[in-house]
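Peer 1: Before I ask anything, let me first share the structure, which is written out below as structure tokens.
The values are calculated or read from the model by the stated rules, or taken from the named source; none is laboratory data. Remember, it's a predicted structure, so these values are computed and weren't measured experimentally. Note that each Cβ is placed from the backbone with ideal geometry, even for glycine, and that neighbours are counted across all protein chains shown. All accessible areas refer to the heavy atoms of the entire protein, side chains included, with ligands and DNA or RNA removed. Shrake-Rupley method; radii C 1.70, N 1.55, O 1.52, S 1.80 Å.
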Amino acid sequence: MTECSPTLPAERSRSAVLASALVRGALAAGLGLGSLAVLVMVLWISSPYPDSGPAGALHVATGLWLLSHGAELVRADTVGGHPAPVATVPLLLVVLPVWLVHRAARDSAETDGKASGGHSAVGAFCAVSAGYLLVVLAAAAYAQDGALPADRASIAFPVTVVVAGAAAVGVWVARGRPLTPLLVRAPLRLQEAAARSRFRAGAGVVLRSAAAGVLTLLGGGALLVAVALVWHAGAARESFLGLSGDWAGRISVLLLAAALVPNAAVWGAAYGLGPGFALGTASTAAPLAFTGPPALPDFPLLAAVPSHGPGTAVNWAAAAVPVVAGLTVARFVAQGAAPVRGMREEAWSQGRTALVAGLAALGCGAGAAALAAASGGALGTGALAEFGPVWWLVGPAALLWTAVTGVPVALLVRAWRLRENRWGWRWDAAKGEPTEPAPGLTPEKAGKKQRKKVEKTPGGEDAEPYDFLSADSWHADGAREARWAALKKNSGGLMAGFRADTDQGAASVPAPSPAPVSKPAAAPGASPDPAPAAPTPGPAPAPTPGPAPAPAPAPVEEAASSSTPEPGSREAPADEPDTRTGRVPDASGHSEPGRDDAP
């Protein structure tokens, strides 16, 4: 049975996989075009005064779908009779077609856990892109007879680039986001560096920080536009009501304004960065000044444009947007440089932190420049030939703001996260929690702090170990008995139970597990002794070789009489030793006086 046998499953046949990917790409394009056509047809049906028939509405829908891919439309029915380009792309319309082609490529390149070669990924990418672009070419040919035909040069660029890029990202995601295909043409040193985990960690921090900076710029720009619309609410309302008189037309204007909201956010970010945006070939709106005669079409979002003339303190307050973006970049970089607070072993050096912050600022500038280039474009000829931010000014401005603000702040935040908490143990001691030595603190210093804390902590249920040792009652009987009991308990059975007031001159080595020996039974008929007999001198123990023992103090008479064993018998070790002399024999039999700093 061969590979091309018809009995094999369809997913195992390479031609069937490519055909399936081609169909997926065509279906993704048709789904996007159909969704937009349905919306336009609903608005056309609800309009009380349709200017054209269903064919005209379908031509308009096709032109808008091509515009969402970046194509430049040509408006032929102008007042002067000259064709006028329409190159301002509503960024919200771009989301649907890009997501559809991305999903089609991802689903076509998935292997479901089965082994697959690199040719399958390339084949899926080519098949999905080809199927999608076939529908694009058919739509462009259909729109040539309508009111908004697409420029043929714009079909090659940027429509083809947008479709191919979305498909490539979808295939890359389906293959687990590998880095090898991205570095095939890179220098050998870069490929070797990419194999290291430190390089990948730094690259991840750079990408996350740059994305966070760009999103902060967009959020700040959207906030500026919202505040400006509220400030000029009367002018925005008049523009909205003047564009249409029926509810269907107002819904159309509202949907178009919603599709242009991301564009307005990018314009607001460009205004906060300083370069501002162009409102014609001779007019620029910036925080410092609004110069030149503007060419403003009647649209509600354009009512948020500031007043003509030099800027005021309110306009200058827009500079807070790039400052916040730089602080956001610094925060993300500092978290990557010092992931654990106080752990200097896992932290980056200052040079590496500054380098990553600079690269993140570079990425933020590149993203801002790309968005500025996509959000603007011509709306006609003459004065409307330039409309929107200038990308080659917005990108360097974003780079400068985020680098000047982000690099020093990232170093400061890194130093703050690696600081030594020298007073944290006092707060933990006040709460009764166990304290951990601060990072960078030597064990000797930690031990000194622990001893000081033990001495200052009053006795109680949360007291530290050995809190029962008091300087005033160190030599009391109860304190010595407690010390001996604690030593015996912690010795694990290696410490014999013996009394501290026995004869210290004779050294005795206790057995590991002493067993008590009972006294011999008395002879029958013998009367027991009502009182202990006088001590009978027994055989002297054999001296142990070693240094001469120190003279032991005279024992108390009561202790001597009670500790003298009877002839022929061995005394059992006491369970609770009585250390009235305060001296502890060491391993060689010497008596060592008790110390105040150890039991």
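Peer 1: Which one is most open to solvent (accessible area, probe 1.4 Å), of the residues in region 69-94 that are closer than 12 Å to VAL162 by Cβ and among the β-branched types (Val, Ile, Thr)?
Peer 2: VAL94
Peer 1: So which of ALA330, ALA368 ends up being within 30 Å of GLY388 (Cα to Cα), among the small types (Gly, Ala, Ser), surrounded by 19 or more Cβ atoms within 10 Å (Cβ to Cβ) and within 15 Å of the chain's Cα centre (by Cα)?
Peer 2: It is ALA330.
Peer 1: If you don't mind, another one. Please indicate, with yes or no, whether at least one residue in region 141-162 is under 29 Å from the mean Cα position of the chain (by Cα) and in a helix (DSSP H, G or I).
Peer 2: Looking for residues that are under 29 Å from the mean Cα position of the chain (by Cα) and in a helix (DSSP H, G or I), one finds none in region 141-162, hence no.
Peer 1: Is it the case, given these coordinates, that SER46 is open to solvent by 30 Å² or more (accessible area, probe 1.4 Å) and either farther than 14 Å from LEU93 by Cα or among the charged types (D, E, K, R) (or both)?
Peer 2: Here the answer is yes, as SER46 does meet what is asked.
Peer 1: Would you be able to say whether some residue in region 380-388 is part of a helix (DSSP H, G or I), farther than 22 Å from LEU302 by Cα and at pLDDT below 95?
Peer 2: Taking every residue of region 380-388 in turn, none turns out to be part of a helix (DSSP H, G or I), farther than 22 Å from LEU302 by Cα and at pLDDT below 95.
Peer 1: If you scan region 475-496, which residues turn out to be in a loop (DSSP other than H, G, I, E, B) and either modelled with pLDDT of 70 or more or surrounded by 14 or more Cβ atoms within 10 Å (Cβ to Cβ) (or both)?
Peer 2: Selection gives SER491, MET495, ALA496.
Peer 1: Sticking with this one: Name the pairs whose Cβ atoms lie under 6 Å apart, with the first residue in region 322-346 and closer than 13 Å to LEU418 by Cβ, the second open to solvent by less than 20 Å² (accessible area, probe 1.4 Å) and among the polar types (S, T, N, Q), and 6 or more positions between them or separate chains?
Peer 2: Pairs that qualify, where the first residue is closer than 13 Å to LEU418 by Cβ and the partner is open to solvent by less than 20 Å² (accessible area, probe 1.4 Å) and among the polar types (S, T, N, Q), are ALA337/THR353.
Peer 1: Let me ask you something else. Cβ-Cβ distance below 7 Å, separation of 6 or more or different chains: which pairs start in region 174-199 with a residue that is closer than 26 Å to ASP107 by Cβ and open to solvent by 70 Å² or more (accessible area, probe 1.4 Å) and end on one that is among the hydrophobic types (A, V, I, L, M, F, W, C) and not in a loop (DSSP other than H, G, I, E, B)?
Peer 2: From residues that are closer than 26 Å to ASP107 by Cβ and open to solvent by 70 Å² or more (accessible area, probe 1.4 Å), the pairs are ARG175/ALA109; ARG175/ALA121; LEU179/ALA194.
Peer 1: For region 217-254, which positions are of a type in the set (Val, Ile, Thr) and open to solvent by 40 Å² or more (accessible area, probe 1.4 Å)?
Peer 2: VAL227, VAL230, ILE251
Peer 1: Still on this structure, please answer the following. Could you tell me which of the residues GLY234, GLY219, GLY242 is touching a residue at least 40 places away in the same chain (Cβ under 8 Å), touching a helix residue (DSSP H, G or I) at 6+ places or on another chain (Cβ under 9 Å) and not aliphatic (A, V, I, L, M)?
Peer 2: Result: GLY219 is the single residue among GLY234, GLY219, GLY242 that is touching a residue at least 40 places away in the same chain (Cβ under 8 Å), touching a helix residue (DSSP H, G or I) at 6+ places or on another chain (Cβ under 9 Å) and not aliphatic (A, V, I, L, M).
Peer 1: Looking only at region 349-365, decide whether some residue is surrounded by 21 or more Cβ atoms within 10 Å (Cβ to Cβ) and within 20 Å of ALA264 (Cα to Cα).
Peer 2: Within region 349-365, one or more residues are surrounded by 21 or more Cβ atoms within 10 Å (Cβ to Cβ) and within 20 Å of ALA264 (Cα to Cα).
Peer 1: Restricting attention to region 153-175, report how many residues are at pLDDT 90 or above and more than 16 Å from VAL89 (Cβ to Cβ).
Peer 2: 10
Peer 1: Within region 259-266, does at least one residue satisfy the condition of being over 21 Å from VAL89 (Cβ atoms) and either loosely packed, with under 15 Cβ neighbours inside 10 Å or not hydroxyl-bearing (Ser, Thr, Tyr) (or both)?
Peer 2: No, the conditions are met nowhere in region 259-266.
Peer 1: Another question, then. Could you look through region 95-121, keep only residues that are modelled with pLDDT of 90 or more and open to solvent by 30 Å² or more (accessible area, probe 1.4 Å), and pick out the one that is farthest from PHE387 (Cα to Cα)?
Peer 2: Among those that are modelled with pLDDT of 90 or more and open to solvent by 30 Å² or more (accessible area, probe 1.4 Å), it is ASP107.
Peer 1: So which of ALA28, ALA57 ends up being more than 16 Å from VAL135 (Cβ to Cβ) and surrounded by 20 or more Cβ atoms within 10 Å (Cβ to Cβ)?
Peer 2: ALA57
Peer 1: Only residues that are open to solvent by less than 40 Å² (accessible area, probe 1.4 Å), within 13 Å of the chain's Cα centre (by Cα) and of a type in the set (A, V, I, L, M, F, W, C): list them for region 200-212, please.
Peer 2: Scanning region 200-212 gives VAL205, VAL206, ALA212.
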